[in-house]
Amino acid sequence: MARFKRAVPVWLAVSSWPVSDFWRYGRFPTGELPGMITALSLLEQGLRDLISPIAFVRAGGFFENFLYGLEVAQGGTLPVYYSPTNRKSTMVATNDIGAEVATLLTGPTWSGQRVVELGSMVTADEVAKQLGEVLNLDVKAFAVPRAGWADAFEQLGIPKGHTRPAEEMFEAVNAGWMDLGVEGTEHVAGTTSAREVFAAAQRAVTA
């Protein structure tokens, strides 16, 4: 979150789909919340009474979160937490987040609040295919069984006993609770593909 000095000061907060919208549209029938989203939801709620113009940029899952595939997918399989792997969910490159923030900061000033949904609907299968194009391999997405999530997250560096927030987030994604189309929002599609993210990372490693 940041406040920028200009003729009319504005606030920008990079956020996610907030708890209030999950409840409003019945996306959490049990009242349980995905842990990694709760803090961002509280951030939005705490800023809604600001007098200054504010924009909440709700970004999808980052393509950069698949960069582990440059190593682990050498055998032709990309383990993912998206299930089923052919279901579309909101994803975006971090470059596109920065570009949208820059556009908001340099564009016309607005009044009140804006909510921007940022990203495109992409499947894990499509991400794996684009990774394979960069690696010159036939790569297929493999949905990690739910029972193995905790161990898999620990192997990625999350401390033992602290994987639950990540697990809850992917449960919400797989249930469709974080798809695009929340009423009253603006949608900005991503322009950077997963392929471009993988290729840039590979060039950086081999440079």
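The values are calculated or read from the model by the stated rules, or taken from the named source; none is laboratory data. Values in this document were obtained by computation on a predicted structure and should not be read as measured data. Don't worry about glycine lacking a Cβ; one is built from the backbone with ideal geometry, like all the others, and counts go over all protein chains shown.
Summary table below
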| read-out | value |
| --- | --- |
| Scan of region 128-143 for residues that are surrounded by 17 or more Cβ atoms within 10 Å (Cβ to Cβ) and within 21 Å of the chain's Cα centre (by Cα), ordered by number | ALA128, LYS129, GLN130, LEU131, ALA141 |
| Residues that are of a type outside the set (S, T, N, Q), within 17 Å of the chain's Cα centre (by Cα) and buried (at least 18 other Cβ atoms within 10 Å of the Cβ), drawn from region 102-127 | VAL115, VAL116, GLU117, LEU118, GLY119, VAL122, ALA124, ASP125, GLU126, VAL127 |
| Elements of type strands (runs of 3 or more DSSP E) contained in region 104-143, each with 2 or more residues being within 29 Å of GLU171 (Cα to Cα) and in contact with a Pro (Cβ under 7 Å, 6 or more places away or on another chain) | 140-143 |
| Residue list for region 52-93, restricted to those being hydroxyl-bearing (Ser, Thr, Tyr), free of Cβ contacts under 8 Å to residues at least 60 places away in the same chain and touching an Asp or Glu at 6+ places or on another chain (Cβ under 7 Å) | THR85 |
| Residues of region 153-174 satisfying the condition of being touching a residue at least 24 places away in the same chain (Cβ under 8 Å) and part of a loop (DSSP other than H, G, I, E, B) | LEU156 |
| Test: residue in region 67-86 that is among the charged types (D, E, K, R) and either within 14 Å of GLY190 (Cα to Cα) or within 16 Å of the chain's Cα centre (by Cα) (or both) | no |
| Any hit, region 108-127, residues being in contact with a His (Cβ under 7 Å, 6 or more places away or on another chain), charged (D, E, K, R) and either modelled with pLDDT of 95 or more or closer than 30 Å to GLY184 by Cα (or both) | yes |
| Matching residues in region 38-71 - criterion: being out of contact with any Leu (no Cβ under 7 Å at 6 or more places or on another chain), of a type in the set (Val, Ile, Thr) and either under 25 Å from ILE158 (Cβ atoms) or surrounded by 14 or more Cβ atoms within 10 Å (Cβ to Cβ) (or both) | THR38 |
